[in-house]
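Undergrad: Quick one: this structure, given as structure tokens, is what I'll be asking you about.
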Amino acid sequence: MNAQEYIKVTQEKWHKQYEAEPEFIQVLDEFLDSVAPVIEEHPEYVEKNILQILAIPERIISFRVPWTDDKGNAQVNTGYRVQFNSALGPYKGGLRFHPTVNQSILKFLGFEQIFKNSLTGQPIGGGKGGADFNPKGKSDNEIMRFCQSFMTELQKYIGPDKDVPAGDIGVGGREIGFLFGQYKKLRGFENGVLTGKPLLYGGSLARTEATGYGAVYFLNEMLQAKNDTIEGKRAIISGAGNVAIYAAEKLQELGGIAISVSDSTGYIIDETGIDVALLRDVKEVRRERLTAYAEAKSTASYFEGSVWDHEIAADLAIPAATQNEVKKTQADQLVKNGVKFISEGANMPLDAPATETLLANDVYIGPAKAANAGGVAVSALEMAQNSQRQSWTFEEVDGMLQDIMKNIFSESKEAASTYGKEDNLIAGANIAGFKKVADAMISQGLV
Ligand code: GLU
């Protein structure tokens, strides 16, 4: 079979087989479009059927998570761990607790994670997990009981050299603490089993900031490549979690202005720049809605709906909320607003028609697997510190993060131009991430 036939047959097979998994198909289509020229150049990838093998996770674990709420009622959720690819190292990737979690979402996230982790240059494979549990409105005790039940099952399948989960949407320091405590009770103190831990027992300095800072370091590289800087630029940021908070902080440190943040019901516009200390107090300490931010700051206004529908002059955008948050009409709005650079803080925040529109309008896009790789990169640095039983300073870790983000940018840019996709970092990141994984898989034989 020649490469073109192989690609066609593979795509048809995927569309049929994964009909019920739309997010997974979305990510496979984008990936295939990017790597097609590489497949054409490497007959061994066709011969070894690398694409079809790659798309099937090494294993998916799905399990029952029973827990008791504060009223004494028996509740239950479904937990998952997708152990997608271990060609480059132990499975590595976050856990997401959100009511939308299902197999399609976790397979798309796990697939992305393989190439993201490969791009970091660190020895980590790809995985993802979570549960369809909604942490909103739950008490600390309910969260603790849920995490304990979740880990009672998950601990059978993970370990510091096997699979190392971390946080994602709905899983932060509090949840990692409860998950770690239960793992320790059942298996003993092995701090390399989870990353994103609190500093007191093996967490890394700069891990909390890493995804947001990394997305801005990546954006900075994009701007520099176009002989421009962040200085004085206005950025629309969505989300109000870890990624959005620290992206706003770093952006403003570099002289930019973060003019918005958002949560699931609305958004804040604050043209004087987001007050990061206030935002952290509202979201992380008080765990309140963004309306509390607007009440505390006179320059801020709260609006219902999506920040991507807002008409406002801006140069940059950092979507840092969730998948497919930016649709076609919103991409049109971003073009009208004047946005020229996008760094994806969330995973797959632009849907396919939105991406097409933005590329057609020469918007320079830093795709998630490259732009938000700073989080998992510092997770791998946390694993390294745990193995050494040492902890590095904030400056040391942040310095390594900056180097990693620079490398990811140059590798992605170079891969794009080598394959005639100049300035398309989506294609470049897919290609650069894919080649290492494919070559490692081939060298390890058919396993
Ligand atoms: N959930 C994050 C991501 O999407 C971080 C994963 C990790 O640190 O393992 O990359």
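The values are calculated or read from the model by the stated rules, or taken from the named source; none is laboratory data. If you're wondering where the values come from, they're calculated on a predicted model, not measured in any experiment. A quick note on method: Cβ atoms are made from the backbone with ideal geometry, for glycine too, and the neighbour counts reach across all protein chains shown.
Undergrad: Condition first: buried (at least 18 other Cβ atoms within 10 Å of the Cβ) and under 30 Å from P160 (Cα atoms). Can you find one or more residues in region 2-20 that meet it?
TA: Within region 2-20, none of the residues are buried (at least 18 other Cβ atoms within 10 Å of the Cβ) and under 30 Å from P160 (Cα atoms).
Undergrad: Six or more apart or on different chains, Cβ atoms under 7 Å: show the pairs whose first residue is in region 190-212 and more than 13 Å from the ligand (Cβ to nearest atom) and whose second is part of a helix (DSSP H, G or I) and of a type in the set (V, I, T).
TA: Close Cβ pairs satisfying both conditions: L205/V397.
Undergrad: Tell me which residues, restricted to region 328-347, are of a type in the set (A, V, I, L, M, F, W, C) and out of contact with any helix residue (DSSP H, G or I) (no Cβ under 6 Å at 6 or more places or on another chain). I'd like the intermediate steps shown before the answer.
TA: Going through region 328-347, the residues of a type in the set (A, V, I, L, M, F, W, C) turn out to be 331, 334-335, 339, 341-342, 346.
Across region 328-347, the qualifying residues are L334, V335, V339, I342, A346.
Undergrad: Still on this structure: Out of the residues in region 239-273 meeting the condition of being surrounded by fewer than 23 Cβ atoms within 10 Å (Cβ to Cβ) and of a type in the set (V, I, T), tell me which one is nearest to Q323 (Cα to Cα).
TA: T265
Undergrad: Show the residue pairs that are 6+ apart or on different chains and have beta-carbon atoms under 7 Å apart, the first residue being within region 332-361 and part of a loop (DSSP other than H, G, I, E, B), the second being among the charged types (D, E, K, R) and away from the ligand (no atom under 16 Å from the Cβ).
TA: As it stands, the answer is G338/D315; V339/D315; K340/D315; D351/K327, since those pairs meet every condition given.
Undergrad: I56: away from the ligand (no atom under 16 Å from the Cβ) and either on the phi < 0 side of the Ramachandran plot or hydrophobic (A, V, I, L, M, F, W, C) (or both), yes or no?
TA: yes
Undergrad: Moving to a separate point now. All but one of (1) in contact with a Leu (Cβ under 7 Å, 6 or more places away or on another chain); (2) assigned to a strand (DSSP E or B) hold for S301; state the number of the condition that does not hold.
TA: (1)
Undergrad: Can you name the residue in region 350-370 that is more than 16 Å from the ligand (Cβ to nearest atom) and among the charged types (D, E, K, R) and, of all such residues, is surrounded by the most Cβ atoms within 10 Å (Cβ to Cβ)?
TA: Selected residue: D351.
Undergrad: I've got another one for you. For region 34-51, indicate whether the set of residues that are at pLDDT 95 or above and closer than 20 Å to L350 by Cβ is non-empty.
TA: yes
Undergrad: Go through region 251-267 and count every residue that is within 21 Å of the chain's Cα centre (by Cα) and in a loop (DSSP other than H, G, I, E, B).
TA: Going through region 251-267 one residue at a time, the tally reaches 2.
Undergrad: Also, quick follow-up: If I go through region 371-395 residue by residue, how many of them are under 26 Å from A320 (Cα atoms) and either within 16 Å of the ligand (Cβ to nearest atom) or touching a residue at least 60 places away in the same chain (Cβ under 8 Å) (or both)?
TA: Selection size over region 371-395: 14.
Undergrad: Take the residues of region 109-132 that are among the β-branched types (V, I, T) and either part of a loop (DSSP other than H, G, I, E, B) or near the ligand (Cβ under 10 Å from one of its atoms) (or both): which is surrounded by the fewest Cβ atoms within 10 Å (Cβ to Cβ)?
TA: I124
Undergrad: Under 30 Å from N386 (Cα atoms) and surrounded by 24 or more Cβ atoms within 10 Å (Cβ to Cβ): which single residue out of A235, A215 fits that description?
TA: Checking each option against the conditions leaves just A215.
Undergrad: If you don't mind, there's one more thing I want to ask. Could you run through region 134-158 and say how many residues are in a loop (DSSP other than H, G, I, E, B) and either more than 16 Å from the ligand (Cβ to nearest atom) or touching a Lys or Arg at 6+ places or on another chain (Cβ under 8 Å) (or both)?
TA: Number satisfying all stated conditions: 9.
Undergrad: Kindly indicate the residue of region 198-237 that is in contact with an Asp or Glu (Cβ under 6 Å, 6 or more places away or on another chain) and small (G, A, S) and also nearest to S410 (Cα to Cα) among those meeting that condition.
TA: It comes out as A206.
Undergrad: Specify which of the listed residues (M441, M400) is within 16 Å of the ligand (Cβ to nearest atom) and either on the phi < 0 side of the Ramachandran plot or not in a helix (DSSP H, G or I) (or both).
TA: Residue meeting the stated conditions: M400.
Undergrad: When you look at R287, is it surrounded by fewer than 18 Cβ atoms within 10 Å (Cβ to Cβ), closer than 29 Å to S139 by Cα and either within 14 Å of the ligand (Cβ to nearest atom) or modelled with pLDDT under 95 (or both), yes or no?
TA: Against the criterion (surrounded by fewer than 18 Cβ atoms within 10 Å (Cβ to Cβ), closer than 29 Å to S139 by Cα and either within 14 Å of the ligand (Cβ to nearest atom) or modelled with pLDDT under 95 (or both)), R287 qualifies.
Undergrad: Scanning region 91-108 for residues that are within 14 Å of the ligand (Cβ to nearest atom) and either assigned to a loop (DSSP other than H, G, I, E, B) or among the aromatic types (F, W, Y) (or both), which turns out surrounded by the most Cβ atoms within 10 Å (Cβ to Cβ)?
TA: The qualifying residue surrounded by the most Cβ atoms within 10 Å (Cβ to Cβ) is Y91.
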